[in-house]
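The values are calculated or read from the model by the stated rules, or taken from the named source; none is laboratory data. These numbers were taken from a predicted model, which means no experiment stands behind them. Every residue, glycine as well, gets a Cβ built from its backbone with ideal geometry; the counts of neighbours run over all protein chains shown.
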Amino acid sequence: MLSVSVMSSFHLWLLFASWFVPDEVYQSSEVAHHVVYSTGHLSWEWAHSLRSVIHPLLIVFVRLLGMDSQVVVANAPRVIHALLFSIGDIAFAKLCRRLLPTKEGAIYSTLTYVSCWFVFYCAPRTLSNSLEAAVTLIALTWYPFEGAHYKGLVWPYMSLGMITITIRPTAALIWLVLGAVHLIKHTNPLRFMICTVLPAILPVFVTVIILDSVAYSYPTCTMWNFLSFNVLKGGSAHFGVHPWHWYFTMGLTSVLTVQLVPIILGIFSPQRPGALLLCTAVFYIGFHSFLPHKEQRFLLPIIPFLCVYAGPFFTNRRHYSFMKTVMKMMVIVNIIIAAYTGLRHQVGPYNAADSILKLAKPNASIIALMPCYSIPGHSYFHNHLFSIRQLDCSPDLSGNGIMDEADTFHKDPATWLDLNWPEIENYSYILIYQKMFNRVSEMFGEHEFITCDNVFHADFLTSTRQDHYILNNSAVFYLLLLLWLNYINLI
């Protein structure tokens with residue numbers, strides 16, 4: 001089972017070719033590329049010090065090894081995340097063995113977790129949520145679930161927990177519950193706070209404050225900035241608003257699918273582990289339910305907390321045939337979803353990027369007339385492109401109702417192109433969804449731009465601004481120049 005958990009996450013980075021959310025690039029690898037190579041887009045969050053440099057620094061260290069090829073630069077961060085997630089898988093398997101009364105139950109809980117399609121989908125992605133989930137599981141190795149009977153060190157879980165909070169400040173919700181229970185059960189809470197808790201978390205906290213302040217060139221606390229903007233000021237609403245029950249009616253059902261059956265039934269099993277992880281997960285989801293903006297990936301850290309409770313269901317032999325059916329369905333359904341979402345769904349951004357890598361010559365440039373952050377940045381193309389231009393969608397924090405560039409373009413693409421064509425025509429390639437191209441195709445023709453490639457994006461669209469295909473357009477003159485250069489090289 002450990003070999004499966006180790007390799008499951010690592011192998012997936014070789015398979016997935018799909019685009020999930022912009023944060024997997026523009027809050028991690030793109031920032032690291034900017035630090036190391038001085039090319040890379042910094043999104044608006046970095047102008048307001050809402051993000052810590054801790055996550056990008058992990059990738060910076062990898063890139064300082066001196067491996068400078070496009071393949072290595074694009075894929076090394078994915079490998080690192082996949083490996084860290086695999087270590088988290090091992091930690092989860094050991095945690096199940098500690099919490100469940102039987103080895104068989106621990107194996108089934110581990111299988112429930114590692115077979116979850118959403119875990120496969122997120123493991124190799126350079127998302128802060130993925131790193132948070134992996135480090136959280138590793139940290140739980142030192143948490144005293146056994147209470148007074150636990151004789152090991154506890155400070156490592158506190159230090160690692162503090163690291164997860166610097167990566168994703170909302171991780172504090174997890175450690176608030178676990179830490180409070182630990183503190184309440186301790187025989188001398190005050191001495192424990194002074195002699196163990198503070199020495200474990202303060203060095204991490206201070207180090208991060210210093211690193212962030214140096215990176216931003218002024219004193220700042222990104223954890224506070226993040227919480228203040230997204231929670232206290234409701235800034236997350238800029239990215240979409242969902243009903244309070246979304247996590248319970250849509251979020252959990254979509255990420256756990258069949259796993260919900262053994263988890264729910266296992267919670268009521270007499271062999272279930274203690275309720276601490278369940279209460280932590282409920283508190284975490286409950287708090288997030290009151291925030292206006294909700295996403296599936298925010299659930300990633302508590303998925304293993306729930307999967308722990310699936311083991312007792314599978315070890316109950318009174319309903320063996322039903323249990324066997326659930327197990328088969330769980331594995332089959334999740335393999336199908338993982339394969340489809342990883343290899344077929346929303347593959348357009350990487351298909352378009354690979355198309356450009358095959359066609360483009362040095363110093364080529366591209367502009368994406370698509371929803372903002374719809375394609376990989378310099379961290380994927382590396383030194384193969386001179387410039388990458390995308391429509392700006394920075395939120396209007398002034399409250400004046402100013403429409404961003406992306407909204408302006410999609411509202412009236414012809415007018416926007418007419419006003420900005422002197423800039424647009426200087427780009428080597430123009431990426432645009434097919435249905436949007438159909439609205440402005442005459443203008444492209446008038447300026448002698450033709451479609452040089454048409455790549456598949458998705459069967460099912462997640463936005464009305466998307467389409468099933470992405471077109472790669474270029475000026476006739478530029479294409480003739482490429483043909484001439486290729487001809488010279490052949491000679």
#### Entry: Listing of helices (runs of 4 or more DSSP H) fully contained in the stretch 173-256 that carry 1 or more residues being aliphatic (A, V, I, L, M) and either surrounded by 12 or more Cβ atoms within 10 Å (Cβ to Cβ) or touching a strand residue (DSSP E or B) at 6+ places or on another chain (Cβ under 8 Å) (or both)
198-216, 222-227, 252-256
### Query
From the list 265, 260, which one is more than 19 Å from the chain's Cα centre (by Cα) and free of Cβ contacts under 8 Å to residues at least 40 places away in the same chain?
260
### Summary
Expected single match for over 24 Å from residue 338 (Cα atoms) and of a type in the set (A, V, I, L, M) among 79, 62 is 62
### Summary
Reported set for the stretch 39-74 where residues are surrounded by fewer than 17 Cβ atoms within 10 Å (Cβ to Cβ), closer than 19 Å to residue 375 by Cα and out of contact with any Cys (no Cβ under 9 Å at 6 or more places or on another chain) is 42, 70, 71, 72
### Message
Checking the condition among the hydrophobic types (A, V, I, L, M, F, W, C), crowded, with 22+ Cβ neighbours inside 10 Å and within 19 Å of the chain's Cα centre (by Cα), which residue from 285, 302 passes?
### Response
302
### Summary
Note on the stretch 257-268: residues out of contact with any helix residue (DSSP H, G or I) (no Cβ under 7 Å at 6 or more places or on another chain) and surrounded by 13 or more Cβ atoms within 10 Å (Cβ to Cβ) are 264
## Note on the structure
Flagged in the stretch 392-426 as assigned to a loop (DSSP other than H, G, I, E, B) and touching a Cys at 6+ places or on another chain (Cβ under 6 Å), in numbering order, are 393, 404
### Task
Confirm whether residue 349 is touching a residue at least 40 places away in the same chain (Cβ under 8 Å), on the phi < 0 side of the Ramachandran plot, not in a helix (DSSP H, G or I) and not aliphatic (A, V, I, L, M).
no
### Query
If a residue has to be closer than 26 Å to residue 142 by Cβ and free of Cβ contacts under 8 Å to residues at least 60 places away in the same chain to count, how many in the stretch 185-220 make the cut?
25
### Query
How many residues, within the stretch 188-225, are in contact with a helix residue (DSSP H, G or I) (Cβ under 8 Å, 6 or more places away or on another chain) and closer than 27 Å to residue 277 by Cβ?
12
### Message
Are there helices (runs of 4 or more DSSP H) fully within the stretch 19-112 with at least 2 residues that are farther than 30 Å from residue 391 by Cβ, of a type in the set (A, V, I, L, M) and in the same structural domain as residue 157 (by the TED database)? List them.
### Response
70-99
### Query
Looking at the stretch 409-439, which of its residues are of a type in the set (A, V, I, L, M, F, W, C) and over 27 Å from residue 345 (Cβ atoms)?
414, 416, 417, 419, 421, 424
